[in-house]
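**Q** Structure below; questions to follow.
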Amino acid sequence: MEKICVVGLGYIGLPTSVMFANNGKKVHGMDVNEAAIKKIQNKELHIEENGLEERLVAAIDSGNLTVSTKPEQADVFIIAVPSPINEDKTANLEYVRLATKSIVPYLQKGNLVILESTVPPRTVQDVMIPELVESGLGIGTELLVSHSPERVIPGKVFEELVENSRIVGGINQESSEKTAELYRAFVKGEIFLTDATTAEMVKVIENTYRDVNIAFANELAKISENIGVNVWDAISLANHHPRVNIHLPGPGVGGHCIAVDPWFLVELDKKNANLIHLARQTNDAMPMFTANKVKEIMDSEQIQNPKVAVLGLSFKANIDDMRESPSVEVTKHLNELNLEFTAFDPHIHEINMANQTTDLKEAVSNADILVVLTDHNEFKGLNPTEIGKLVRSKIVLDTKNCLERTAWEDAGFEVRVLGDSKSK
Ligand SMILES: NC(=O)c1ccc[n+]([C@@H]2O[C@H](COP(=O)([O-])OP(=O)(O)OC[C@H]3O[C@@H](n4cnc5c(N)ncnc54)[C@H](O)[C@@H]3O)[C@@H](O)[C@H]2O)c1
């Protein structure tokens, strides 16, 4: 039976390990996070993902999955470690380099090394290969190497691991073919073969496309406010064109993918990455735009010392992940504008910042404006009449166009929507 060693057991590495283990492979997962390893050994989760718990239990009980803080010899090594950006927006490839270095003592003739992390084009060639050379194995002959970027969305990982198409980019044809053969253990989607650098570029392009598209939507939102248009209606109608697919505006772009990966291209070719850079700056400026809008509304309503209720702290709907969340940036700007606020998110059960509460009532009590920053189902389902009894002023700013506007208006609220001139 083929044995796989998975390096990095986070949101990507753990589900991948479980998938292979439950599809007939022997898997050894390793992670430098001892607490995570202890939990996994006890069949407990250190991350949330639908369907992961029962699959993890099955994988461990079958004897196909073991985990520890050290790599083991195997036929295939899969690396799924973080690839963030530094403060100065340059790529931090130390996790990838160190993970690669850590497997070198375990490599044997005939092994295959696959990088799944999202990385700047040329990382396999310029960061991994120089480490792998230390094994003394012939690169491309005795040691095969490839990149197969992960495209799953949190919450639907197990469906998407199976159904999504996959890009496989080897350093040579043999590396690509061996990698594709491995993933066929569970992938039902199409598998496309290319070279390693193209595969790296494909994944970064995908996230950059989405970032640029959102920046376009954000720009349209600002223009619409100034020219008497509701951008949500306009985009929805434009998207009926068979070749138009505009994303939606909002208070900014967050998470560790879309807000990060375009910087890889800016760093690699700053001179030419103009549109990409501007899109990043446009999206990064949206939290400030949103905070300024709150201030303008409070000023125009002549509300002295207003209290703001910030609703939503995660970077997107119905998840508990605050990484790179634009909501956090909005609160920083509210602070700078000397606006008092209380922030609440139904998915976040720990206090991560000042002026945060885990109690909706506390957040909205005596508020002069509700600022909806994420389109959680819980916010869509709020009862405006009940909320109206708690607030001081009945004003709501909906940055995601997710509230039932007429219901809120019927309950006496003045509803402002980002990108809608009628509520400017
Ligand atoms: N999470 C997603 O939705 C998603 C989707 C597509 C691609 N990706 C990409 O996949 C990669 C991994 O993302 P993630 O969300 O799984 O990250 P994560 O932070 O959830 O998990 C990474 C794990 O790697 C471990 N690690 C760090 N250095 C290590 C080392 N040297 N050896 C062993 N383990 C090490 C960490 O302890 C952590 O448990 C990133 O490049 C990310 O951009 C993530």
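The values are calculated or read from the model by the stated rules, or taken from the named source; none is laboratory data. On a predicted model such as this, the values are computed, not experimentally measured, just so you know. Counting neighbours? That spans all protein chains shown, and the Cβs are built from the backbone with ideal geometry, glycine included.
**Q** Of all residues in segment 38-69, which are near the ligand (Cβ under 9 Å from one of its atoms) and under 23 Å from the mean Cα position of the chain (by Cα)? Write out each step before concluding.
**A** Residues of segment 38-69 that are near the ligand (Cβ under 9 Å from one of its atoms), as a first pass: 46-47, 69.
Selection gives HIS46, ILE47.
**Q** So which of ASN230, ASN172 is of a type outside the set (A, V, I, L, M, F, W, C), more than 19 Å from the chain's Cα centre (by Cα) and closer than 27 Å to PHE77 by Cα? Even if it seems obvious, please write down each step before you answer.
**A** On the way: ASN230 fails: closer than 27 Å to PHE77 by Cα.
The unique qualifying residue is ASN172.
Yes/no matrix, rows are residues, columns are (1) under 30 Å from ASP420 (Cβ atoms); (2) modelled with pLDDT under 95; (3) touching a strand residue (DSSP E or B) at 6+ places or on another chain (Cβ under 8 Å):
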| residue | (1), (2), (3) |
| --- | --- |
| ILE171 | no, no, yes |
| SER175 | no, no, yes |
| TYR183 | no, no, yes |
| PHE192 | no, no, yes |
| ALA199 | no, no, yes |
| VAL204 | no, no, no |
| VAL212 | yes, no, no |
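**Q** Sticking with this one: Just give me the residues in segment 1-15 being assigned to a strand (DSSP E or B) and either at pLDDT below 95 or more than 16 Å from the ligand (Cβ to nearest atom) (or both), in sequence order. Lay out the reasoning, then the answer.
**A** Initial filter on segment 1-15 (assigned to a strand (DSSP E or B)): 3-7.
LYS3, the sole residue that qualifies.
**Q** When you scan segment 303-314, do you find a residue that is surrounded by fewer than 16 Cβ atoms within 10 Å (Cβ to Cβ) and not β-branched (Val, Ile, Thr), even just one?
**A** yes
**Q** A further question follows. Does MET19 satisfy the condition of being over 23 Å from ILE319 (Cα atoms) and of a type in the set (A, V, I, L, M)? Give the steps one after another, and end with the answer.
**A** Numbers: over 23 Å from ILE319 (Cα atoms): no; of a type in the set (A, V, I, L, M): yes.
So MET19 fails the test.
**Q** State whether the residues of segment 255-267 include one that is assigned to a loop (DSSP other than H, G, I, E, B) and away from the ligand (no atom under 16 Å from the Cβ).
**A** Going through segment 255-267, the residues assigned to a loop (DSSP other than H, G, I, E, B) turn out to be 255-260.
Next, only the ones that are away from the ligand (no atom under 16 Å from the Cβ) stay: none.
No, segment 255-267 contains no residue that is assigned to a loop (DSSP other than H, G, I, E, B) and away from the ligand (no atom under 16 Å from the Cβ).
**Q** Next up: If you check every pair at least six apart or on different chains, which have Cβ atoms under 6 Å apart with a residue in segment 155-179 that is farther than 26 Å from LEU56 by Cβ first and a residue that is aromatic (Phe, Trp, Tyr) and surrounded by fewer than 23 Cβ atoms within 10 Å (Cβ to Cβ) second?
**A** ILE167/PHE192
**Q** Do you know which residues across segment 31-69 are part of a strand (DSSP E or B) and polar (S, T, N, Q)?
**A** So the first thing to find is which residues in segment 31-69 are part of a strand (DSSP E or B), and the list is 65-68.
The answer is THR66, SER68.
**Q** Continuing with this model, one more query. So which residues in segment 315-331 are surrounded by fewer than 21 Cβ atoms within 10 Å (Cβ to Cβ) and of a type in the set (A, V, I, L, M, F, W, C), if there are any at all?
**A** Residues satisfying the conditions are ALA317, ILE319, MET322.
**Q** While we're on this one: Looking at segment 16-29, which of the residues that are buried (at least 24 other Cβ atoms within 10 Å of the Cβ) and in a helix (DSSP H, G or I) is nearest to the ligand (Cβ to nearest atom)?
**A** Within segment 16-29, the first condition is being buried (at least 24 other Cβ atoms within 10 Å of the Cβ), and the residues that meet it are 16-18, 20-21, 27, 29.
Imposing the further condition that a residue be in a helix (DSSP H, G or I) reduces the set to 16-18, 20-21.
Numbers: THR16: 9, SER17: 11, VAL18: 13, PHE20: 15, ALA21: 17 Å.
So, considering only residues that are buried (at least 24 other Cβ atoms within 10 Å of the Cβ) and in a helix (DSSP H, G or I), the one nearest to the ligand (Cβ to nearest atom) is THR16.
**Q** Hey, which of the strands (runs of 3 or more DSSP E) in segment 332-424, taking only ones fully inside, have at least 3 residues that are surrounded by fewer than 16 Cβ atoms within 10 Å (Cβ to Cβ)? Before the answer, list the steps.
**A** Working: elements: 340-344, 369-372, 395-398, 414-417.
By residue number, no strands (runs of 3 or more DSSP E) qualify.
**Q** Taking the condition of being over 16 Å from PHE379 (Cβ atoms), among the acidic types (Asp, Glu) and not in a helix (DSSP H, G or I), how many residues in segment 319-331 meet it?
**A** Residues flagged as over 16 Å from PHE379 (Cβ atoms), among the acidic types (Asp, Glu) and not in a helix (DSSP H, G or I) within segment 319-331 amount to 2.
**Q** If you take the residues of segment 397-424 that are over 21 Å from GLU386 (Cβ atoms) and hydroxyl-bearing (Ser, Thr, Tyr), which of them is nearest to the chain's Cα centre (by Cα)?
**A** THR399
**Q** I would also like to ask the following. Can you spot a residue in segment 383-406 that is of a type outside the set (Phe, Trp, Tyr), in contact with a Cys (Cβ under 6 Å, 6 or more places away or on another chain) and at pLDDT 95 or above? Explain how you work it out, then say what you get.
**A** Residues of segment 383-406 that are of a type outside the set (Phe, Trp, Tyr), as a first pass: 383-406.
Now drop any that are not in contact with a Cys (Cβ under 6 Å, 6 or more places away or on another chain), which leaves none.
The answer is no; no qualifying residue exists.
**Q** For residues that are buried (at least 18 other Cβ atoms within 10 Å of the Cβ) and part of a strand (DSSP E or B), tally how many sit in segment 194-215.
**A** Residues flagged as buried (at least 18 other Cβ atoms within 10 Å of the Cβ) and part of a strand (DSSP E or B) within segment 194-215 amount to 1.
**Q** Looking at segment 176-185, can you tell me whether even one residue there is hydrophobic (A, V, I, L, M, F, W, C) and either surrounded by fewer than 18 Cβ atoms within 10 Å (Cβ to Cβ) or in a loop (DSSP other than H, G, I, E, B) (or both)? Can you show your working first?
**A** Just the residues of segment 176-185 that are hydrophobic (A, V, I, L, M, F, W, C), to begin with: 180, 182, 185.
Then drop every residue that is not either surrounded by fewer than 18 Cβ atoms within 10 Å (Cβ to Cβ) or in a loop (DSSP other than H, G, I, E, B) (or both), which leaves 185.
Within segment 176-185 (the criterion being hydrophobic (A, V, I, L, M, F, W, C) and either surrounded by fewer than 18 Cβ atoms within 10 Å (Cβ to Cβ) or in a loop (DSSP other than H, G, I, E, B) (or both)), the answer is yes, since at least one residue qualifies.
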